[in-house]
Structure formats: structure tokens, C-alpha cells
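Reading through the C-alpha cells given below for one structure.
Read-outs throughout are calculated quantities, based only on the coordinates presented, and are distinct from any laboratory measurement. Because the structure is predicted, anything quoted here is derived from the model rather than measured. For neighbour counting, all protein chains shown are included, and Cβ atoms are generated from backbone atoms with ideal geometry for every residue, glycine included.
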2 protein chains.
Amino acid sequence: MRQIAAAVGVQAGALYLYTPDKEALLFDLLKTHMEELLVAWAEEPRGDGALGTLESFVRFHIRYNLMRAEAVFLSYMELRNLNAANFAVIEALRGRYEAELETILKAGQAEGSLVLPDTKLATMAIIAMLTGVTTWYREGGRLGRETVETIYWDMVRKAVAA
Amino acid sequence: MRQIAAAVGVQAGALYLYTPDKEALLFDLLKTHMEELLVAWAEEPRGDGALGTLESFVRFHIRYNLMRAEAVFLSYMELRNLNAANFAVIEALRGRYEAELETILKAGQAEGSLVLPDTKLATMAIIAMLTGVTTWYREGGRLGRETVETIYWDMVRKAVAA
DNA sequence: GTCTATACACCGATAGAC
DNA sequence: GTCTATCGGTGTATAGAC
């Protein structure tokens, strides 16, 4: 709290005029992050059919997570420092995001453009794979962000396409 | 340290007869974990050709990470609490493990059984995807461990096969 | 609204008795 | 080798002056 106060330019005690305690501050941060992620995806333009929508999701997820790398990392690392009730709220929001991807995969199966052994596992596998980019991607590295998106989309497409 | 001492059945001070400080304890734990992972993979029986070896790797990684879920989680969460020198040692061991997978992928490309846009990215993508299983897998859940292995292997194979 | 001062708990690590 | 006692530091949160 002293570090946060210093960054804002006040003393630690003054923070308690705006938040009841440290956990509320963390919870608001994580909740806002997840809600903004859901809004951003809702507003994201998407391609045609399940395959086009899936490509949009893959590119969106990589781009958004790289853009907000600090928040993504913090959300993961600090999640277990929330109490049970707050933890459940964040997990529910995460579940809603995962459901967005699973809906795409199910639609693809229904229209026959995708073939999957298990939509739930494919959902978790794809999200883990895409989120992993944040652990190694560096600005100015060997590959640019758009190239990385394209390469990952290629692997995802092959993994799930009919 | 007081909790560790209590778990072992001594007082906190007594721990310092066996370790110079807390960081050395953490470093040894993480280093041992990574070395045991490398040894276990070296001793793992593997299938024929690049595809067979890759299947062995996929199944091994899921199985080993689920078996040692606590150590895997701790290795990830506590990695940033090491000083720079110790951090570098653990990262080097992690790099050796990743190189094991990348070697398989390169061999597969050379023999023509695998087609990849980029071996380095495929390496990171596959490891992230497989490690992700530990975040949602629960003993006694909908799918058993071997079924999960098979489903993930199916997705990996499709993603990288020629 | 913000400051200074401080209460209170906990942490890693050490000193010294046994 | 293990204990008890304790040091110095840090953390969240609160009290009261301004």
C-alpha cells in the first residue's frame, strides 16, 4: 500500500479514503480487467462462419493479452490472494470468456467445418496455448505480433479444422 | 519458515542448521524439480519416429505435470522470488527441457512427417497447451488422465502433422 | 482530504542456554 | 542439535492533527 500511495503521490493512510482495504482494491482491478476483456471481444469485428470467427478470436486473444500483459500476469499471480467469494466472481467472469470460445467451437462442429474430440478440452487447450505467448513474446524480437498471430492461427486451424 | 519448521516438527531456528537462508531452500526445491523432470523424460520409453516420440512427449508431459502438480505450480509462482543468478539457473534448465521438444519437432520436419510454420513457436505453443491441463484437471472428473492424454495428443498431432 | 504517527501482527534470521 | 527469546524490518490499517 505504501508503494501504491507513492505511485499516486499521497501517503499510505490517504488510500483508505477510497478503498476499505487492500483486497477490495485488488478485486476491483481483476474484475475490471475481466469485464473489459469481455467488452473488447464483444466489440471485436469477426470473420465469416465458425472458422472466420475462430480466427478472429485467436488473433484477438493474442493481441489483447500482449497489450495488457501486466494485467494478465497480475490477474494470474494474485488470483489466489482473493477470499472465496471474490475468487468465485472472477472465476465466473473467466468462465464466461471461455464459454465464448466454446460456443464458436460448437457452432463449427454443427456446421461441419470443425472436428474436435472434445469441445471443452479444445477450449482449455486453445486458451492456454494462446495465453502462453505472453510468457516469451518480447517487443522487437525475432517475430512481430502479427506474424505470431498468423503462426498460432495456423496451428489452431490445423488442430481443429475438419 | 515457521510453517515449514512446524511441518517438519522443529522450531524455526533449527532450520538454519540445514540451510543458509530461505532462498537457498526455494532454489534447491526448484532446481531439484527441474532436474528430476529432465531425468524422468530421459528415462521415458518412446515410440518410433518423430511422430511416435512426439506422442510419448505429449503423454509424458501431461502425466508428469499432473503427478507433480504442486511442484509445477510452486515453480511457476515462486520463480520471480529468486535472485538473478538463481533465476538464470532455473531458466537454463527449463530451456533444456524445451529443447528436448524442439529437437523432436525438427527431426519430424527433416523426415517429412511434420510440417510446422516455426519450430520455436510450436515448441512454446505445445508446452503451454499441455501444462495448462494442471489448471483445470481434477481427479475423479469427467475424463480420466489417459483419456485427456489421448485427446490432447489428437489435437497436437493434427496441429503439426504433415 | 491529506498528513504524521503509530498500533499490531508477522516475517526472516540470529544469539545464547541447554 | 534443538530450544527459547529476540532483533530489525515490513506489512496493513487506524487515530488524530491540520
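Observations, loosely collected:
- Loop-located trypsin sites (Lys or Arg not before Pro) in segment B:34-101 (DSSP state other than H, G, I, E, B) with a sparse environment of at most 12 neighbouring Cβ atoms within 10 Å are absent.
- Position A:TYR16, label points 7 Å along Cα→Cβ, spacing to each other copy in nm (shortest first, one decimal): 3.3
- Interchain or long-range residues, amide H under 5 Å from A:ALA161's placed H: A:VAL115
- Sites B:ALA5 and A:THR103, calculated FRET efficiency, Cβ-Cβ separation with R0 41 Å, nearest 0.05: 0.25
- Gyration tensor (alpha-carbon) shape descriptor, segment B:85-162, a/c threshold 1.5: oblate
- Ellipsoid equivalent to chain B - semi-axes via the Cα gyration tensor, in Å: 35, 19, 12
- Length-normalised contact order of segment B:93-161 in % [C-alpha pairs under 8 Å, at least 6 apart]: 35 percent
- Counting all C-alpha pairs of the protein assembly as shown, share separated by more than 37 Å (%): 23 percent
- Stokes-Einstein diffusion coefficient of segment B:18-90, Kirkwood radius over Cα pairs, 10 °C, 1.306 mPa s, in µm²/s: 116 µm²/s
- Exercise: per-residue mean of other protein chain Cβ atoms within 10 Å, A:117-126: 6
- Simple spin-label estimate for A:GLU43 and B:TYR18 in nanometres, 7 Å along Cα-Cβ: 5.5 nm
- Counting Cβ atoms of other protein chains within 10 Å of each residue's Cβ and taking the mean over peptide A:74-81 gives 1.
- Relative contact order, whole percent, for segment B:21-160 stands at 33, derived from Cα pairs under 8 Å and 6 or more residues apart.
- Net +/- balance of residues flanking B:GLU146 in space, Cβ distance below 12 Å, scoring K and R +1, D and E -1: +2
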